[in-house]
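The values are calculated or read from the model by the stated rules, or taken from the named source; none is laboratory data. Just so it is clear, the structure is predicted and the values come from calculations on it, not from any experiment. Methodologically, a virtual Cβ is constructed for each residue, glycine included, from the backbone with ideal geometry; neighbour enumeration extends over all protein chains shown. Note: accessible area is taken over every heavy atom of the protein model, side chains too, but ligands, DNA and RNA are not part of it. Shrake-Rupley method; radii C 1.70, N 1.55, O 1.52, S 1.80 Å.
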Amino acid sequence: MATLCSSFPCHSSFSVSLPFTPEAYWALSAMRGADYSPYVALAAQIAGWEAPLPEYRFHPHRRWRVDFAWPSERVALEIEGGAWVYGRHNRPSGYLNDLEKYNALAVFGWRLLRLTPQQVMDVQPLIDLLRAMREEKR
């Protein structure tokens, strides 16, 4: 059984034995960039959650999507990129549009997690949040 951090780039204090092969970790680490699906799926699996749905449309009339969603739990994940480069989420129109979407999520009873790409690729922050949400629900 491989240790997560021996083959997968993540937080140095995070170490857990998982039934994944080193080849699987290598494949995941090679996918760094715009596709965060492997990181989110790995965090969900470690935290004991089902796999999330990517690009999930939560609103019945608007075309809004969240990056990842667990509809049965009514939990959404948004990955907030561009924090250091004045990205779309930081520009006035993007920021205001995000506020409207996030408020709609709240109105529809969703809980929203917002993480940076670095936090998602670290895996541990998302694992901690998902575990805390599961514990809070009990």
Item to complete: Might you let me know whether segment 92-99 holds any residue that is out of contact with any Pro (no Cβ under 6 Å at 6 or more places or on another chain), open to solvent by 40 Å² or more (accessible area, probe 1.4 Å), among the acidic types (Asp, Glu) and modelled with pLDDT of 90 or more?
Response: no
Worksheet item: On the given criteria, is residue 115 within 10 Å of the chain's Cα centre (by Cα), under 22 Å from residue 40 (Cα atoms) and modelled with pLDDT of 95 or more?
Response: yes
Worksheet item: Of everything in segment 40-68 that's touching a residue at least 40 places away in the same chain (Cβ under 8 Å) and under 25 Å from residue 95 (Cβ atoms), which residue is farthest from the chain's Cα centre (by Cα)?
Response: 62
Item to complete: Give the residue, chosen from 57, 88, that is at pLDDT 65 or above and either acidic (Asp, Glu) or open to solvent by 80 Å² or more (accessible area, probe 1.4 Å) (or both).
Response: 57
Discussion item. So the check is Cβ under 7 Å with 6+ separation or different chains; which pairs have a first residue in segment 91-118 that's without any contact (Cβ under 8 Å) to a residue 24 or more places away in the chain and a second one that's not aliphatic (A, V, I, L, M)?
Written reply: 94/88; 95/89; 98/89
